[in-house]
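Everything below concerns the one structure shown next.
Every number in this text was worked out from the coordinates using simple rules, so none of it is lab data. Computed from a predicted structure; not experimentally measured. Cβ placement follows ideal geometry from the backbone for every residue including glycine, while neighbour counts extend to all protein chains displayed.
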């Protein structure tokens, strides 16, 4: 596949790297000469060119109308929308698939972070609203910092924390006590992803990825962390687009919300916008522990820090963690701060860039997957359906997938099966696979048909 990406910033470069590692031919356009020079020295197999994406002539010179995929992810909504329309106009009979990053919430239906077909563009994505969706998911199930569903909502994957005293801690996966039909399929430890084996042993401080039927999700997470609180009251530090949207969604679901904002004018604007009685907006000049206690943060079940600056975000998290809040989440714009967040005891992080990239990658790649979701950077979950004419029908499940992948579960006849429960593949099986490293591109040859 040939892909042309407009914008060499965080989102654009992340997408370029992912697509390049999967063997696609990728060209990145940007007007920032110094940025392109840095990108060209990064070692990623991507061609970079200096060009104006809002210029029809420039896009024509780079054959924007003849690529398979056109992604516009600059910092300007107008540039992204215009460049997609221009790319389509260069080849009206066979236009490329076009996708754009658009931050303006007016382009999206309530509660949605993507929009299909707007202005004829295949997909619009909002990084901020995508992050809100991931945060809301993390706050919905106690004990989980992320939840994703598959097989039309019938199977679930949950990323759960392993606290000291967890029944799953210091036991091999094959011997952990559990009553639910669940399985630990991956471990996240010290910033590294490990696909689980029977002998894998979670330790306190690890995060584990649990697969289970959706109706058993709450109980499966409770088995990993029986001490996790139900989230009824949430504190949010930062009244930007993410903070305001998250507060509104949580209030609509019956949660009490406290929003803290260090900028007075921004706090006033947020108070005017968030009129629900269950939301309290406070102007707090700093992120100190004393200010948080005064705001009642210590009475909250969860804390979300989404300040404009990652350092301020993490500082607020450290103060919140000392208040013994059940769940502390951070929104980070820069990936290099993720290990710092983990070292500081932050329970989970959400990156708008990664959230937006996930939505774009779901519909832009050629693996034949019904659904593709990045659980964390470096761990992807992919859903496939086995067709009647698939060469896998009747083949043994064991050792059927490439290196760096793991068969997590199969959904068959309204029942979720784990690999040891299904000897062979059958037609119409819904297959859930985890992939690390370069595993995802290899799956297309095996399951993509």
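Things to note:
- Bridge type composition, region 2-125 - antiparallel percent by DSSP, nearest 5: 10 percent
- Order of 260, 1 - criterion: other Cβ atoms within 10 Å of each residue's Cβ, fewest first: 1, 260
- Cα-only Debye scattering, the chain: base-10 log of I(q)/I(0) at q = 0.07, 0.09, 0.10, 0.12 Å⁻¹: -0.37, -0.61, -0.76, -1.08
- Mean silhouette area of region 2-125, derived from the convex hull of its C-alpha atoms and averaged over all directions, reads 7.2 nm².
- Gaussian network model of the chain, Cα within-10 Å springs - most flexible of 44, 28, 259: 44
- Residue exposure sequence - 210, 145 - by fewest surrounding Cβ within 10 Å: 145, 210
- Extending 7 Å from Cα along the Cβ direction at residue 275 and again at residue 174 yields two label points whose distance is 6.2 nm.
- The reciprocal of the average 1/r between distinct C-alpha atoms defines the Kirkwood hydrodynamic radius, which for region 118-276 equals 17.5 Å.
- Where the alpha-carbon atoms of region 233-354 are placed on the principal axes, they occupy 37, 29, 28 Å, in descending order.
- Dividing the Cα radius of gyration of region 362-447 by its Kirkwood radius returns 0.93 for Rg/Rh.
- When each of 283, 13 is scored by the number of other beta-carbon atoms lying within 10 Å, the sequence from fewest to most is 283, 13.
- The peptide list 46-58, 73-85, put in order of mean Cβ contacts within 10 Å with the highest first, becomes 73-85, 46-58.
- Region 35-53 and region 236-300 have their alpha-carbon centroids 40 Å apart.
- Protection proxy ranking of 94-104, 336-346, 394-404, by the mean of other Cβ atoms within 10 Å over each peptide's residues and highest first, is 94-104, 336-346, 394-404.
- Kirkwood hydrodynamic radius of region 144-224, from the reciprocal of the average inverse Cα-Cα distance over all distinct pairs: 12.4 Å.
- Eigen-decomposition of the gyration tensor built on the alpha-carbon atoms of region 66-118 gives equivalent ellipsoid semi-axes of 21, 12, 9 angstrom, largest listed first.
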